[in-house]
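Let me begin by presenting the structure, written as structure tokens, before commenting on it.
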Amino acid sequence: MFFDYRFWHYVTRPHDLATDIQTGEMRQFNRRLAILFITGLILFALRSLWGMNAESLTALLTTMSTSDYIIARYASLAGTIIWAVIYIAFHLFGVAYILSLLTKIPYKRLVPLQLLVTGLLLLEKALLFIVFAVKGSTVSLSFLSFGPLAVTIMDNWYLILFMNQLTIFSALIITVQYRFLRGFIIDGKRREHLWMLIGLHVAMALVTAAIAFIPFDALFNSVFGGGF
């Protein structure tokens, strides 16, 4: 039996996707995969062209010629596109591989699930970008996360950044993943895999918060602002 992979249908019915994968042969998946990559690249490129996450370039404008500044902007855009490919590929294939190791579910059956997850992550980024673009400015904390609440009661910036990674979309993604996994997991292990998913997301949030402390702005200024 054949079935068509439909993003909006399965993102609300991930258990149906698990059932269909086990009982039929999927069509239209590669097309949806290509659309996701193209959409993601366009989104990241638009964010970069608008100036999101490119604050370090503003300081360079006072120390560089116009042509050098333009080259720096193009280099920033190229770096953003490369990062977009890595980001999308990791959430599609890397996380699918990790889940396969943890759940013993075949890797190829988890990639369609992660396409749903990656689509939701891009949707979150698009929503933030639209709000920031309308407002005309950006902030370091997401209004969809616990970050703004954490900053009012915490002084530790690492914990604030960690809480900033725990968003409404994180809860939605865990729900989608869990409902999908229930189609493969025997009843006795459902709770174990729920905690496994929560633990995986918490671990990724901790790592992401730590990466935020890497001085990328200083490194970028060293490269384009006069060397080390």
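Computed with every protein chain present, the accessible area of HIS193 is close to 20 Å² [probe 1.4 Å].
Largest to smallest in accessible area, the residues ILE38, ILE198, ILE160 fall in the order ILE38, ILE198, ILE160 (1.4 Å probe, all protein chains included).
For the pair the range 136-188 / the range 1-51, the C-alpha centres are spaced 22 Å from each other.
Applying 1/(1 + (r/R0)^6) with r as the Cβ-Cβ distance of ILE82 and ASP155 and R0 = 41 angstrom yields a FRET efficiency of 0.70. Bridging of LYS135 to lysines at a Cα separation below 24 Å is possible for LYS125, once same-chain residues fewer than 8 apart are set aside.
When a/c is below 1.5 the answer is rounded, else prolate if a/b is larger than b/c, else oblate, so apply that to the range 105-174 with a ≥ b ≥ c taken from the square roots of the Cα gyration tensor eigenvalues. Oblate. Residues in the range 89-136 average 45 Å² of solvent-accessible surface per residue, probe 1.4 Å, ligands and nucleic acids excluded.
The values are calculated or read from the model by the stated rules, or taken from the named source; none is laboratory data. Predicted model, so just to flag it, every value in this text is computed and none were measured. Cβ sites come from the backbone with ideal geometry, for glycine too, and all protein chains shown count toward neighbours. Please note that ligands, DNA and RNA were not included when accessible areas were found on the heavy atoms of the full protein model with its side chains. Shrake-Rupley method; radii C 1.70, N 1.55, O 1.52, S 1.80 Å.
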